[in-house]
Structures are given as C-alpha cells and as structure tokens.
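The values are calculated or read from the model by the stated rules, or taken from the named source; none is laboratory data. All of these numbers come straight from a predicted model, not from anything done at the bench. Note: ideal-geometry Cβ built from the backbone for every residue, glycine included; neighbour counts use all protein chains shown.
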Amino acid sequence: MALFEASQLHKRFGDQVVLESVSLAFEEGQLSGIMGPNGAGKTTCFNVLTGRFAPNRGTVRFAGQDITGQSPRVIARLGVARSFQIMNLFNDDTAIDNIVIALKSVRHQAWSVWRDLGRCTQAYEEAAEILREIGLAGKESTPCQRLSYGERRALEIGVALAARPRILFLDEPTAGLGAEGTARLLDLIGQLKQQITIVIIEHDMNFLFRLADKISVIHWGQVIAQGSPAELRHNPWVQRSNLGAMAP
C-alpha cells in the first residue's frame, strides 16, 4: 500500500468539472511529481489532496487512514505538510522565529507564544538545526523580509519541515526563482528526498525530471500519463506536447 493514495477524485465548481476520476499513489521514500499545462487542474488536485477543498466524489487515504474531506489542520496533525505557491511567512520576525512557532513540539503546548518561547532553549536549538538542514545557518537572527527570495523559498520549506511530517507537498517551489536560486533549491530538495517522502507540483520540467522518481501528468482534469522521467520522455502525448519539448 502506498503511503498516500487518491482514488477516483471528482471536483466541480458549479457547472465546471475541474477533476474527473483522478487516481494517484505516492510511495513512501520517493519524490513524486505532478505536471501539466496551465489550467489542467494541478493546483485543484493539490488542494483536494491536502484538505483545502473536499472532493465531490472519491477518497483520499494517508497511511491507510481515510482523510477525505478532513480539514487542513486535521490532515497536518496526521503528518502531512505543504508549502504554497504564494509564500506564507511572518515577514517581521526572524528566520529562526518563523521555524520555532511551526515546531511540532511547540504547537502541542499551550504557549503564550513569545513570552514562553523566549525561555525555551530546546525549541531554538531544534529550529537552528532545521535552518542548517535548509542551508540557512548564520541567518537565524535575520528578519524574514531581509532574506533573498531564494532564501525565503528555502525558509518556507523549513517551516513545513518543522512539523516533522511524514510527507511534504511542495507547490511550484521554483516560482519566481532565477537560475542560481533554482540550482540551490535543486540541491536542497535532492538532499531532503533522502529523508522524507515529497510530492511536487512544478512548471519547470527540467527541475522535476532531475528529481522525481515518478511523475503524473494531468490534463483536462484527468491523469493522462504516469511513469518515471525516462518512461515519460517516450510517451507519445508528452512528446507531442510542449511538456515534451521542455523535458531534458
């Protein structure tokens, strides 16, 4: 059984069908990708998988448990974390404080946030270790708004990792990054995939093909192809599409 599975998902908004009979499976210890053209239904699918939208039909299971229609908060507590295409950070706070308030150990306590956390050296030590993992050692006291865009992208991943999830969903992590920032993020996610199960929606096909163990292609609200990067390079539909032209 896969760690995370979706079966026959159907989602509509009014008369518009956005997802139709979508089935996906993400194996533990792998990095899975979701790709497709704009308007294909990728983001809606991501939001259904992580609880922001409930499907009209179909089921979502995590670690054997049915989580269909559960709230993002409930799903997160079970061990599912995600980042967003639009970053969600506390700009006026330091990098380490952004991590601390997201720590699983902190969220389970009834903290009076800044008064109590200021005395919690263990939380700050744990947060500092996460900053080292994501390449931001030395930036602990830097206000979030003073970090570079690429550093902020890494910090957002660190905030997601602070919950110590079993699976991490990343929504367009390279959005807005230049070549240098994308290369650094490629290295970071390449290291993280050795530690945690990851699912990525990504428009940069070169980036995704270099990282993913398996990729699902969504178009017209349906999964039209699945396989390893090598298999998808030879898929007739992918070869005929712009996606195929972007593959390395």
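Matching residues to (1) modelled with pLDDT under 90; (2) outside the structural domain of F26 (by TED's automatic domain parsing); (3) of a type outside the set (A, V, I, L, M):
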site	(1), (2), (3)
V106	yes, yes, no
D116	yes, yes, yes
R146	no, yes, yes
Y149	no, yes, yes
L155	no, yes, no
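A count restricted to region 31-49 and to residues that are outside any helix (DSSP H, G or I) and either surrounded by 16 or more Cβ atoms within 10 Å (Cβ to Cβ) or small (G, A, S) (or both) stands at 9.
Can you tell me which residue within region 75-88, out of those that are aliphatic (A, V, I, L, M) and outside any strand (DSSP E or B), is surrounded by the most Cβ atoms within 10 Å (Cβ to Cβ)? Lay out the reasoning, then the answer.
Quick first cut of region 75-88, residues aliphatic (A, V, I, L, M) only: 75-76, 78, 80-81, 86-87.
Adding the requirement that they be outside any strand (DSSP E or B) leaves 75-76, 78, 86-87.
Details: I75: 21, A76: 19, L78: 15, I86: 10, M87: 16.
Looking at residues that are aliphatic (A, V, I, L, M) and outside any strand (DSSP E or B), I get I75.
With the requirement that a residue be surrounded by 15 or more Cβ atoms within 10 Å (Cβ to Cβ) and among the hydroxyl-bearing types (S, T, Y), what does region 50-74 give you? Across region 50-74, the qualifying residues are T50, T59, T68. Are there any pairs with C-beta distances below 9 angstrom linking a residue in region 190-211 that is surrounded by fewer than 21 Cβ atoms within 10 Å (Cβ to Cβ) to a residue that is hydroxyl-bearing (S, T, Y) and part of a loop (DSSP other than H, G, I, E, B), with the two at least 6 apart or on different chains, and if so which? So the pair list comes out as H203/T174; D204/T174.
Modelled with pLDDT of 95 or more and exposed (fewer than 15 other Cβ atoms within 10 Å of the Cβ), is that true of E5?
Details: modelled with pLDDT of 95 or more: yes; exposed (fewer than 15 other Cβ atoms within 10 Å of the Cβ): no.
Answer is no for this residue.
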